[in-house]
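The values are calculated or read from the model by the stated rules, or taken from the named source; none is laboratory data. It should be emphasised that the depicted structure is a prediction, and the values quoted were computed from it without experimental measurement. Methodologically, a virtual Cβ is constructed for each residue, glycine included, from the backbone with ideal geometry; neighbour enumeration extends over all protein chains shown.
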Amino acid sequence: MLHGILTLLLFQFAGECISKLFELKIPGPIIGMVLLLLFLVIRKGSFHALDNAVFWLLRYLPLFIIPAAAGIITQVETISNELFAILASLIVGTFLSLAFSVKLMDMLISKKEER
């Protein structure tokens, strides 16, 4: 499991380095996740230690949400001032992700039926 956690931390560190080096607006952990995805696609699968680490982290995922929820509580005034923009971005983002997911599933199902 330690090897899996180190792998996750390595990709997060690489993402942070790329984000800082090129002064990108994208957060380092997001870049790290994309790098990890590319690594797993190239490798054509995961490995046992990474699977164990991810399973362990997912078990405690609700604990990672608590600081974000506390941060939201402290920013009630800002949220109320920007409520329209927040709701608009949530609605547009939800429909865009839904449309993307539907199109992706359609492509994958049609590709599977061709075989």
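Data table
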{"read-out": "Contacts under 9 angstrom Cβ, first residue in segment 1-12 being of a type in the set (S, T, N, Q), partner assigned to a loop (DSSP other than H, G, I, E, B), 6 or more apart", "value": "7/47"}
{"read-out": "Condition met for residue 41 (surrounded by 11 or more Cβ atoms within 10 Å (Cβ to Cβ), of a type outside the set (Gly, Ala, Ser), modelled with pLDDT of 90 or more and part of a helix (DSSP H, G or I))", "value": "no"}
{"read-out": "Wholly enclosed helices (runs of 4 or more DSSP H) of segment 47-105 bearing at least 2 residues out of contact with any Asp or Glu (no Cβ under 6 Å at 6 or more places or on another chain), in contact (Cβ under 8 Å) with a residue 24 or more places away in the chain and under 30 Å from residue 6 (Cβ atoms)", "value": "48-59"}
{"read-out": "Residue that is at pLDDT 95 or above and surrounded by 10 or more Cβ atoms within 10 Å (Cβ to Cβ), where the choices are 79, 91, 26", "value": "91"}
